[in-house]
Structure formats: C-alpha cells, structure tokens
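Okay, structure first, notes after.
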Amino acid sequence: MKKTAAIWIMVMAWSLTHAAGALAQTNAVSERSVEQSAAPADADTDKNLQEYIELLRSDVRQQRKAEVMAEMMQLNAADAAKFWPIYKEYDAELNKLSDLRVANIEEYARTYSSITDDKADELIRKALSYRKQRSELLAKYYDRVKQQLGAITAARFIQVEDQLLLVIDLQIDSSLPIVGKDL
C-alpha cells in the first residue's frame with residue numbers, strides 16, 4: 001500500500017509538472033488564438049486551433065493510458081484481459097464526445113472578440129451538456145467494469161480516470177481567456 005501511495009504521489013507530481021509546462025505553452029497558444037479570432041476567422045486559424053487541441057488531447061491520452069492507468073489499476077493478467085478492451089471502448093466513446101467540446105472551444109475562439117449574451121449562454125450550456133454527458137459515460141463504464149471485475153476495481157478506474165480528466169480539464173480551461181474580460 002505504501003508503494004502504491006508513493007507511486008501515486010510521483011504520478012501526480014509528474015502530472016502537475018507536465019500540466020504546468022503545458023499550461024505555459026497553452027496560454028501562449030491561446031493568446032495567439034484569441035488575437036487571431038479578432039480578425040475574420042479563416043481556414044488556417046481553425047486548422048491551427050484544431051491541431052493544437054488534438055495535440056493536447058492525444059499527448060495526455062497516451063500518457064494516461066500507458067503510464068498512469070496501467071500502474072494505478074494494478075491488474076493481474078486475467079483482469080487486464082477483461083479491463084483493457086472495456087477501457088478501449090470507453091476511450092473511443094470519450095473521444096467522440098470530446099469532439100463536442102472541441103467544436104465549442106472553436107466557436108468560442110471565433111466569437112470571443114464580439115461575444116453576445118446569447119452566444120455566451122449558448123456556449124456555456126453546451127459546455128455543461130458536455131460535462132453531463134461525460135459524467136454519464138463514466139457511470140456507464142463504471143457499471144461495465146464493475147460487472148466484469150467488481151466494485152473495488154471499478155471504483156479505482158473511476159477515481160483514476162476522474163483525476164486524469166481533471167488534469168486535462170485544467171490544461172484546456174486555464175488556456176481559455178475569461179469571457180468578456182477584454183470587452
């Protein structure tokens with residue numbers, strides 16, 4: 001148990017270190033994205049924003065699965081054979097769901113400099129809907145993991161996954177300018 005706690009502390013320290021580095025990089029890119037969005041949106045700006053978001057998501061996703069999830073799940077070979085196919089399905093559904101978030105962030109970047117009350121309301125409602133759907137997705141896969149591996153393993157999955165999603169959320173959300181701040 002002490003080994004697990006020590007590993008978890010190291011993983012979180014590593015995650016926070018990488019999150020801090022990503023935040024610095026993200027803030028610089030975000031400022032450029034918002035400056036660019038003040039001008040008429042063009043295909044290059046949209047493409048750059050999309051590529052940046054994909055890079056951020058794929059980098060964290062690969063690190064999450066390979067380094068954190070595997071270590072924290074502590075699965076034997078038989079349990080791993082059951083868990084990883086379920087996780088792969090979950091991750092595929094999460095990626096599809098994340099496309100909604102990406103589209104919302106792109107819309108925010110396009111409208112940031114001239115945002116209206118109606119647009120701000122629309123974007124926040126979409127963001128809240130995304131969070132609700134993501135929570136429902138986690139609940140769905142909690143039940144699937146629980147059915148195959150038991151409640152303790154399923155709870156561990158949710159606990160680790162939720163913490164990793166929070167790191168990703170922090171990286172993305174902290175890179176976005178506060179709405180209406182410069183208006």
Quick check: anything in the range 144-161 out of contact with any strand residue (DSSP E or B) (no Cβ under 8 Å at 6 or more places or on another chain), assigned to a loop (DSSP other than H, G, I, E, B), open to solvent by 60 Å² or more (accessible area, probe 1.4 Å) and more than 19 Å from L94 (Cβ to Cβ)?
no
Could you grab the pairs with beta carbons closer than 8 Å, sequence gap of 6+ or different chains, first residue in the range 146-166 and within 17 Å of N76 (Cβ to Cβ) and touching a residue at least 12 places away in the same chain (Cβ under 8 Å), second one among the hydroxyl-bearing types (S, T, Y) and crowded, with 17+ Cβ neighbours inside 10 Å?
A154/Y142; F157/Y87; F157/Y141; F157/Y142
Verdict on A109 being in contact with a Leu (Cβ under 7 Å, 6 or more places away or on another chain) and touching a residue at least 60 places away in the same chain (Cβ under 8 Å)
yes
Matching residues in the range 69-99 - criterion: being farther than 19 Å from K140 by Cα, among the aliphatic types (A, V, I, L, M), open to solvent by 30 Å² or more (accessible area, probe 1.4 Å) and in a helix (DSSP H, G or I):
A70, A77, A78, A81
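The values are calculated or read from the model by the stated rules, or taken from the named source; none is laboratory data. Please read these numbers as outputs of a predicted model, since none were measured by experiment. Please note: Cβ atoms are built from the backbone with ideal geometry, for glycine as well, and neighbour counts cover all protein chains shown. Side chains included, ligands, DNA and RNA excluded: accessible areas come from the protein's heavy atoms. Shrake-Rupley method; radii C 1.70, N 1.55, O 1.52, S 1.80 Å.
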